[in-house]
Amino acid sequence: MNAGRKLWSALVLLSVTVVLWSCDAGHDATPMANATAGNARPLPAPRSGYHYQSADTQALQDDAFANPGTLWLDQGATLWSQDAAPGGPGRYPSCASCHGELATQPLRGVALRYPRLDAAADQLQTLASRINGCRTDQQQQAPWAFESDALLALTALVANQSHGMTLARTIDASLQPFFDAGEHYYYQRRGQMNLACHHCHENNVGRMLRGDRLSQGLGNGYPAYRLQWQKLGSLQRRLRFCNVGVRAEPHPFGAPEYANLELYLQWRATGLTVETPAVRR
Amino acid sequence: MVWQCQHHRYPRRLYGLSLLAMLKTRISIPATAPAGAAIEIKTLISHPMESGFRRDARGEAIARNILTRFECHYNDRLVFGCDLQPGMAANPFIRFSARIDVSGTFRFRWVDQHGAETIETRDLSVTP
């Protein structure tokens, strides 16, 4: 079975490569990069969710002042530089006391590497859970609740330091099981509507779903300000929202299923730039 | 697929801005301007602007919580003011322009429905 599967994968990969190779060379370089990363499916060239927003929403995201996500960046900057709790110098250190001043963008590029493998726990660790890890271990404070403004603010602040950087996630052997689980989730039908992610975000991209235009469902702008939420929200909140949309029971925040899916989505977004905080409908 | 009405698990805006006890504001204004020139002023404030028409996961009404008034004074003279209503989106963004002849201080004031004020000031110097 294994050999047959490998043969099948090799055939598909070959055909994908041939198809891509026969395309105009300058037309789309990105899907080839994706197709060689271990997945045999012919993926479309990644397009940011930005592309599927109305001109007004795009303008709101592009406006460095009016983008409402910047309110959370401001709060994140405050949290970054202040001690986690009063108690004397260094007792409950601020983020800045370990990582450095924000102006130097000390964590630039870090968001591109999350979710990453937490070898001790044998599961993926998202950026938000890493920040909460710092909070409990280094700052000796109770972890922030998922979707709390403080956690969103710091997550957005860290992700924003990678703003404009190109996602280029490579999947090594240690990540492969989680990647495969994420991919499986993506193509797994679920919920009363019996829909998988790809039914909307691969097969019907660009078409209308009631008032919304279906995007490729990539997370390069998250945490993002969604007009519907009227606030900043994490990618996991968006994924839960998708689950509920197909009438499936969502997983709790921080579930490994979402971390795996985040990794898979990040790989699919190879070639896109980080837009945090994006504005989405 | 129903996207907007049925996800009772995530009522829009219910999270509020609990940790932002003091409202965060952003104000965009030039530090200097030529006399007589019209300058553009942009303001943004974090506020849930809860309309009072929504219900929570248990079907109970969510109390209205809105800003009701925004004013901008320049050297104690009203430059711009407006009433805010429940239909406004969260985090109100207000943009207006003003023509400035002398140096002075802008005073921005937001008032919520309980009368609590958020006040910010910005100095502007006029170049000849």
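The values are calculated or read from the model by the stated rules, or taken from the named source; none is laboratory data. Since the model is a prediction, treat every value here as computed from it, not as a measurement. Here the Cβ is made from the backbone with ideal geometry for all residues, glycine too, and neighbour counts use every protein chain on show.
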Of the residues in region A:43-71 that are in contact with a Pro (Cβ under 7 Å, 6 or more places away or on another chain) and closer than 24 Å to A:Leu263 by Cα, the one that is farthest from the other protein chains (Cβ to nearest Cβ) is A:Ala45
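One line per residue, one yes/no per condition, for (1) within 14 Å of another protein chain (Cβ to nearest Cβ); (2) of a type in the set (Lys, Arg); (3) surrounded by fewer than 16 Cβ atoms within 10 Å (Cβ to Cβ); (4) in contact with a Cys (Cβ under 7 Å, 6 or more places away or on another chain):
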{"residue": "A:Ser81", "(1), (2), (3), (4)": "no, no, yes, no"}
{"residue": "A:Pro89", "(1), (2), (3), (4)": "no, no, yes, no"}
{"residue": "A:Leu107", "(1), (2), (3), (4)": "no, no, no, no"}
{"residue": "A:Ala111", "(1), (2), (3), (4)": "no, no, no, no"}
{"residue": "A:Leu117", "(1), (2), (3), (4)": "no, no, no, no"}
{"residue": "A:Asp122", "(1), (2), (3), (4)": "no, no, yes, no"}
{"residue": "A:Thr126", "(1), (2), (3), (4)": "no, no, no, no"}
{"residue": "A:Ala145", "(1), (2), (3), (4)": "yes, no, yes, no"}
{"residue": "A:Asp149", "(1), (2), (3), (4)": "yes, no, no, no"}
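Run down A:Gln125, A:Gln140 and say which single residue is of a type outside the set (Ser, Thr, Tyr) and at negative phi.
Numbers: A:Gln140 fails: at negative phi.
The conditions single out A:Gln125.
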Run down A:Arg135, A:Arg169 and say which single residue is away from chain B (no Cβ under 14 Å), out of contact with any Asp or Glu (no Cβ under 8 Å at 6 or more places or on another chain) and of a type in the set (Lys, Arg). A:Arg169
Only residues that are buried (at least 24 other Cβ atoms within 10 Å of the Cβ) and at the interface with another protein chain (Cβ under 10 Å from one of its Cβ atoms): list them for region A:238-260, please. A:Arg240
Residue match in region A:209-223 (condition: assigned to a helix (DSSP H, G or I), modelled with pLDDT of 95 or more and in contact with a Gly (Cβ under 9 Å, 6 or more places away or on another chain)): no
Flag if B:Phe96 is buried (at least 17 other Cβ atoms within 10 Å of the Cβ), in contact (Cβ under 8 Å) with a residue 24 or more places away in the chain and within 26 Å of A:Gly69 (Cα to Cα): no
